[in-house]
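J.: What follows is a structure written as structure tokens; I'll ask about it next.
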Amino acid sequence: MDSSSSSPSGGILSSPRAQRRLLFLSGGILAVGLIVFFVTYFHGSSGYNSPISNKPAQSAPKQVKAAPDPAAFKVARKFIETAPLRKNLDVAYPLVNAEIKGTQTRKQWDKGNIAVLPYPAGNAKTTGFQVLWSYKTQMMLVVDLVARRGTDVRPHLPFFLGLKRAGNKPNGRWLVNYWEADWAPPVPTNQ
């Protein structure tokens, strides 16, 4: 017989009193778990059947595809010839919407510190446009710009140019709402 054990069968659960206490404790834990489950599942705000909202979901209006509008290309061309080149900024101001202007006044815009990525394009008057998508009220183009000789910038850089009709109306005038370079800096390699 082992001298370290006080009971002949050698376990804490060999006592009927300990077995009853363990039974009541596990039954209590099960009861509390069931109560928490039923309260959260059937009555809680995060339950399975709880609605997030009583209002029907609002979906975005369906865009209607349309042929590219020549007027949009004219606005895009005038924008490229002015804002990225930082020339005739007074002409560029009415060509962009609030998504680019932000809260800038005309006076602030004319100083040249604007939210349009500058690029000294030598082909601003002749570059072509690739239409990514065209809807009645929105259009996205890719513009392939080449830098003027002697400038210290990336020599060839494509840009995304987005246009949106004023007021999102099918007959609103076209305004530039997006201008971003299609380029990311290279990830350095460990050499």
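J.: Step by step: first the residues of the stretch 120-161, then only those that are part of a loop (DSSP other than H, G, I, E, B) and within 25 Å of the chain's Cα centre (by Cα), then the one that is farthest from Tyr93 (Cα to Cα). Which residue is that? Please lay out each step first, then the result.
T.: Pass one, the stretch 120-161, residues part of a loop (DSSP other than H, G, I, E, B): 120, 122-128, 136-137, 148-155.
With the extra rule that they be within 25 Å of the chain's Cα centre (by Cα), the set shrinks to 136-137.
Working: Lys136: 23, Thr137: 20 Å.
Within the stretch 120-161, the match that is farthest from Tyr93 (Cα to Cα) is Lys136.
Rundown of residues vs (1) farther than 30 Å from Lys62 by Cβ; (2) touching a His at 6+ places or on another chain (Cβ under 6 Å); (3) surrounded by fewer than 12 Cβ atoms within 10 Å (Cβ to Cβ), yes/no style:
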position: Thr126; (1), (2), (3): yes, no, yes
position: Gly150; (1), (2), (3): yes, no, yes
position: Leu157; (1), (2), (3): yes, no, no
position: Arg173; (1), (2), (3): no, no, no
position: Tyr178; (1), (2), (3): no, no, no
position: Ala181; (1), (2), (3): yes, no, no
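J.: How many residues does the stretch 61-99 hold that are within 15 Å of Trp133 (Cβ to Cβ) and either without any contact (Cβ under 8 Å) to a residue 24 or more places away in the chain or β-branched (Val, Ile, Thr) (or both)?
T.: Applying the first criterion (within 15 Å of Trp133 (Cβ to Cβ)) to the stretch 61-99 yields 62-69, 72-73, 76.
From the residues that got through so far, the ones that are either without any contact (Cβ under 8 Å) to a residue 24 or more places away in the chain or β-branched (Val, Ile, Thr) (or both) too are 62, 64.
Of the residues in that region, 2 qualify.
J.: Would you confirm whether any residue within the stretch 161-170 is in contact with a helix residue (DSSP H, G or I) (Cβ under 8 Å, 6 or more places away or on another chain), within 18 Å of Pro84 (Cβ to Cβ), hydrophobic (A, V, I, L, M, F, W, C) and in contact (Cβ under 8 Å) with a residue 60 or more places away in the chain?
T.: So far as the stretch 161-170 goes, yes, one or more of its residues are in contact with a helix residue (DSSP H, G or I) (Cβ under 8 Å, 6 or more places away or on another chain), within 18 Å of Pro84 (Cβ to Cβ), hydrophobic (A, V, I, L, M, F, W, C) and in contact (Cβ under 8 Å) with a residue 60 or more places away in the chain.
Taken together, the values in this text are just the output of simple stated rules run on the coordinates, not laboratory data. Bear in mind the structure is a predicted one, so any value in this text is a computation, not a measurement. Cβ: placed from backbone, ideal geometry, glycine included. Neighbour counts: every protein chain shown.
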